[in-house]
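This report refers to the structure that appears directly beneath it.
Quick note: the coordinates plus some simple rules give every number you see, no bench work behind them. Here the structure is a predicted model, which means the values were calculated and not measured. So basically every Cβ, Gly included, is an ideal-geometry build from the backbone, and we count neighbours across all protein chains shown.
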Amino acid sequence: MFSKILIANRGEIACRVIRTARRMDIKTVAVYSEADANALHAEIADEAVSIGPPPSAESYLVIDRIIDACRRTGAEAVHPGYGFLSEKPAFCEALKAAGIAFIGPDVPAIAAMGDKIESKKLAHAAGVNTVPGHMGVIEDDGEAVRIARDIGYPVMIKASAGGGGKGMRIAGNDDEVRDGLRSARNEARSSFSDDRVFIEKFIEQPRHIEIQIMADGHGNTIYLNERECSIQRRHQKVIEEAPSPFLSGRVRRLMGEQAVALAQKVDYRSAGTVEFIVDAKQNFYFLEMNTRLQVEHPVTELITGLDLVELMIRVAAGERLPISQEDVQIRGWAIEARVYAEDPYRNFLPSIGRITRYRPPFEDRNIRIDTGVYEGGEISMYYDPMIAKICAHGLDRQTAILYLSHALDAFQVRGIGHNIPFLAAVLHNQRFQDGRLTTNFIAEEFPQGFKGVDPDTVTRERLYAIVAYVHNRIAERNRTLSGQMPGYQPRPQNYWRIRCAGIMTSVFVVETADGADVRVGGQLFSLATAWRLVDPLWVGTIDGRKMVVQVDALPNGYRLMHQGIDLEVQVLTQRAAELYDLMPVRTAPDLSKRLLSPMPGLLVSLAVEVGQDVKAGQELCAVEAMKMENVLRAEQDGTVKKIHVQAGSSLAVDEVIMEFE
């Protein structure tokens, strides 16, 4: 067994590998860029080595610097995590030449499966179902359009060396093929230094279901059942679960057997994932094989009781798999939600900056948190915006959903935008609860983007009851601390008016031994809680039903967050409520004549010039942030009056890019 390994990665996956290595009594080495000098993974490893400037192309992707770090620290093996160098044959070859073990598959398997075009040919030869498409490299727009017409719209344009949703576009007509080809190539070139793309048929109403496999170097290959990964946005997974609520036992077995056959075809060793697209009739087709550990591997670990990182390390050290196919079980249900630094209210644009509060829910036998951040740390513009993965494990799907819902409600992140409200909204969507999933779920259920969740009447009244109780406790504390002149002591106050979105609601609070009885309008609620004045998280029951609500104090009110609901309310005395009717209403400034950068990032290109007439929907420029290219388009007809920045400029959020007249 290895005595010391280096993790050629960062963030939560580096921390995840370190956790298993420590349990196995293996020393760890972290590598970090200048931007990650204070990162969590560099802090918790036994040793940490600086490998260069912030851009990954100058640090995490520089093979020589990783090998040099191994030599300097005496690391005998490298775990690549996912992304970066994890699927680069050249990296494995360089490690082998240096006498350093790679904790992953051998070079031929990575090379065969890492190229999506060649992998589909191999899959077909191995008897694996494949999607109809053109497996050759696309040369230009004209060829792309001809191929797409032959296959039949809609089609999927995909980067041959792609992954993580990058370099992928769906096209429904000729113009979308041309635009998609350009954007897919640009993203592929930026992310993978390889701009080759191919085109295949896009299967409508599809599910994305993948099979986890594990193989050793002694001819043993098994599948560890499936993961449902259909909840995706921009082809990037958002929520994953295991097992799938859709597959029959027979189809699970067939998919598993085909995944094993493909792995054996390329003499695969280590952990890998064979991804399939599945239609409404449970017909399944090979998409690709990821020759690495997947982001969503925790859900497989939770239902099988296996540690995939440990198995990878043991296999790389030459050991046999300790289990056979007959030993693999499905124990309960697991669901994972990816918490990202992105603003769901602004079309999920990346959010960077310092995390001023980071309070994840407590981990227990039902909740697991994989993270690489901490309170006071920063989210950088250079890397993936993941904050954490939160996983729930229960006896069945509904129980797992309930556990995850409470955990998301308790997850406190401040200082940056994050997608927790959106994740909570997905969990409470009836279609998700019923398990009626496709990769189109988010586009179909949130066609206008995420605008927040409007609470029903009962939920709104429960939230009002909670904030009234909180405010009543604070007011009572303030009353007892204020000056006490004889005969002028402040009188207790338990009648309040709650103002939300311009609407007033009467609330009456009577505190009890374990909480309060609160009348909201004409409805009485019984609250039981151990809430304390300093706690921003209210946990308790209302009429016997558990609720977890984040309550943040604002300069003139409170912000309530629960199950994707985000409300700002004021709790007022009767007199203050009367005076609010006399307050003037502020009007928002007119920004229709300006194009503002919706995110921090790099201005990749400008598509217009001063004096040019533009039409609504016309491309104006492209901004790249966190390895994703975002095209900004005109919202209305107009003429470009002034351009404030040049291509190649770094942009701040809301920075003016151009003006119109």
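Quick notes on this one:
- In sequence order, the stretch 218-226 has phi-based couplings of 10, x, 9, 9, 9, 10, 9, 6, 10 Hz under the Karplus curve 6.51 cos²θ - 1.76 cosθ + 1.60, θ = phi - 60°, and Gly or Pro positions carry x.
- Orientation-averaged projected area, Cα convex hull of the stretch 132-201 (nm²): 3.8 nm²
- The K641 and R346 beta-carbon pair, evaluated with R₀ = 41 Å, returns a calculated FRET efficiency of approximately 0.95.
- Cα-projected label distance for E143 with E578, points at 7 Å along beta-carbon direction, nm: 8.0 nm
- Relative contact order for the stretch 20-108: 21 percent, from Cα pairs under 8 Å spaced at least 6 residues apart, divided by residue count.
- Mean separation of Cα contacts under 8 Å, 6 or more apart, over the residue count of the chain: relative contact order %: 10 percent
- Cα-based radius of gyration for the stretch 134-274, normalised by 2.2 N^0.38 Å, reads 1.18.
- Partner aspartates and glutamates whose Cα lies under 18 Å from the Cα of K116, excluding those fewer than 8 positions away in the same chain, are identified as E87, D106, E139, E187, D194, D195, E200, E210, D267, E275, E288.
- Over 19 Å between alpha carbons, listed pairs K4/K96; K593/K641; K88/K389; K121/K265: K88/K389
- Fully extending the segment from T587 to H428 would add 53.8 nm, taking 0.36 nm per residue of separation and subtracting the current Cα-Cα distance.
- When each of V413, V299, V653, V631 is scored by the number of other beta-carbon atoms lying within 10 Å, the sequence from fewest to most is V631, V653, V413, V299.
- Dividing the summed -39500 (n - 2.57) terms of all DSSP H runs of n ≥ 4 by the residue count of the chain sets its mean residue ellipticity at 222 nm at -8500 deg cm²/dmol.
- Under 5 Å between amide hydrogens, built in the peptide plane, is the criterion, and for E378 it picks out I355 among residues at least 5 positions away or on other chains.
- Of interest is the spacing of the C-alpha centroids, which for the stretch 63-124 and the stretch 156-207 amounts to 25 Å.
- 10 Å Cβ shell holding at most 11 others, DSSP loop, trypsin sites (Lys or Arg not before Pro): longest site-free stretch of the chain: 1-280
- FRET efficiency, D654 to A90 (Cβ-Cβ, R0 25 Å, nearest 0.05): 0.05
- FRET efficiency estimate (nearest 0.05) - Cβ-Cβ, A513 to D175, R0 56 angstrom: 0.25
- Selection of GluC sites (Glu not before Pro), the stretch 202-274, meeting DSSP coil and at most 16 other Cβ within 10 Å: E204
- For K451, the lysines whose Cα falls under 22 Å of its own Cα, not counting residues fewer than eight places away in the same chain, are K237.
- Karplus-based coupling profile of the stretch 433-440, in residue order and whole Hz: 4, 7, x, 8, 10, 8, 5, 8, with θ = phi - 60° in 6.51 cos²θ - 1.76 cosθ + 1.60 and x standing for Gly or Pro.
- For the stretch 41-150, the alpha-carbon coordinates run over 55, 32, 25 Å along the three principal axes, in decreasing order.
- Proportion of all alpha-carbon pairs of the stretch 387-467 beyond 19 Å (%): 48 percent
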